[in-house]
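Here is the structure we will look at, set down as structure tokens.
No lab work stands behind these numbers, since they all come straight from the coordinates. All of these numbers come straight from a predicted model, not from anything done at the bench. Counting neighbours? That spans all protein chains shown, and the Cβs are built from the backbone with ideal geometry, glycine included.
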Amino acid sequence: MTALSIACVEFDHKVTVKHNAELYFGAVGVLAHKLVTVDSRKHDVIRMICAAMEMTMRGGSKYVKEAYLVNSRDIMPPFLELVEKAEHSKIRYADEVILNISKCFHYLSRVPSLQLSLARQPGFLDFLQRVATAPLNVACRNTRTRVLANLASAEENKVLMFFHKGLFSSLLKIAQMDSIDSTREYASIALVQLASSPANQIPMIKSGYVLQIISTMVVSEKVTSIRENVTTVLQTLAFLKSSRKRMVEYNDGMVVEALCHQMQQDESEKARRRAAGTLTNLVSAETAEQLADPKLLNLLRELASNDSNADVQERACLVLTKIASCISPSSPFHDAIITALIVVAHTDVDNNVAAVFRLKARDAKDRYRLARYPGVLDALGRLCVKPKATLEDLDNATRALMHLSNENENRKIMCIESVLDALSMGASCSYNLPDRPPNTTLADTDETDKELLMSEIQNSAVRALARLATEEANRPVMAKHQGLLTAIAKATEKEAKEQQQQREPNASPTNQKKDFLAKPLLLIMLLAL
């Protein structure tokens, strides 16, 4: 007892270098030997040995690892046996013994190269599983849950831990119900780690209580970091294609409701961003109809327009456009989708609305109704002149107008100022607007690709204008529209150069099938004047 008392005084400090020396010179081995050989009735001695062992293991990872590798057979079995006895109150000083042993396990679990070995020690996962059932005090539960989180970070442990009987259930119980915030947070971190393993994801989703508990925590949890973690679990599970339908349908849309609540009311930008990311993952051809609920569409529209975080805005736009891409014109939600897209088109947030409109305008059956839907033409015109638009967006919006103009009955109603402004800009390729900030995508695009894309935009714009000009009533309006004649003249000049290149020997066949429409269009406009 005197020797142990002196050892505890000597080892009880926070100087890592001294602990490294203690480990190097074999303090753990001596203490482990004494623990194995001591009379089990000498509870004071057992308590002090465990306390001294915890003190020595405060050293650096390298020395902790070496001490474990040399003494693991003497440390692990007696420690695990002793903890189980203490949990059943078969020894005195039970709480102190459990805490010190748990701290030793925590120091070992922080060493990445030991995590695999620890999880495979006989009885160790049983020790972790009892965190939710054993009568542990706050410090003991907290420390044991930290060990769980550390071991779950090792890829090789995730499947083993998930399928160990009762361990995952204990983890869920602690994450949801423990009275200590830090303990619940460590448990939520472990849930994130286990959910990241593809082998665990399908069983998690098939087990309804997992989705129920996680969705409940998303809504009811008060600690921000825990809400962020459990949302990450949903986001990870939603990434699996085969899981999306079940997650959307589960318990009459419980998961989706929880995500909507979080996007709408959570003060954490990270939590809202992850909730929007989860919904993005959930959208597919199988789930789009169920997700195209007016309530959700209104929320996405609101977030895309007004959320304080740009990432949340962009992800809300992405969810909306993914849903829209999967919704057919015959869907009862089609009009609600188009209304939401129109609102998003008038925001400055990066979005994929132009590509969705292009996709829908390609459907010949939908062109008539789409062109007459209030706000669609103005939205496409706005996308074509949007200062921060990418070349891809400009190309998609211009092509959408071109596809709509392919419908004979659309040409009269398309001869409006917003459409003519957009097509004029496209025909002249005058996208270097004064208010365009420097270093935007126009400058970042590879020069060859940029040139090709600009040419495609110009061709689409000229083609659309030529179709509009087939309506005789449109011609005077078009001819008098500010800048339109100049734009067509620029396109005519470009086409003339391309025609000249075709006549040269060894000319590239690139433009041989191209329709040169700018010059005839220019003549029509001049005649209309």
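Structure summary
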read-out	value
Proximal charge balance of residue 409 [Cβ under 14 Å; K/R count +1, D/E count -1]	+4
At R0 = 30 Å, FRET efficiency that the Cβ-Cβ distance of residue 33 and residue 12 yields, to 0.05	0.90
Sites residue 325 and residue 95, calculated FRET efficiency, Cβ-Cβ separation with R0 60 Å, nearest 0.05	0.55
Fewest-first sequence of 107, 93 by Cβ atoms within 10 Å of each Cβ	93, 107
Environment charge at residue 55 (Cβ cut-off 9 Å; Lys +1, Arg +1, Asp -1, Glu -1)	-3
Paired Rg and Dmax values of the stretch 1-110, which use every Cα atom, in angstrom	12.8, 37
Rounded, prolate or oblate (a/c below 1.5 giving rounded, otherwise prolate when a/b exceeds b/c) for the stretch 235-391 by Cα gyration tensor	oblate
Residue-count net charge about residue 287 - beta-carbon cut-off 12 Å; Lys, Arg +1, Asp, Glu -1	+1
Mean residue ellipticity (222 nm) of the chain, computed from DSSP H runs ≥ 4 via -39,500 (n - 2.57), nearest 500	-22500 deg cm²/dmol
The chain - Kirkwood radius from inverse mean 1/r over Cα pairs (Å)	28.0
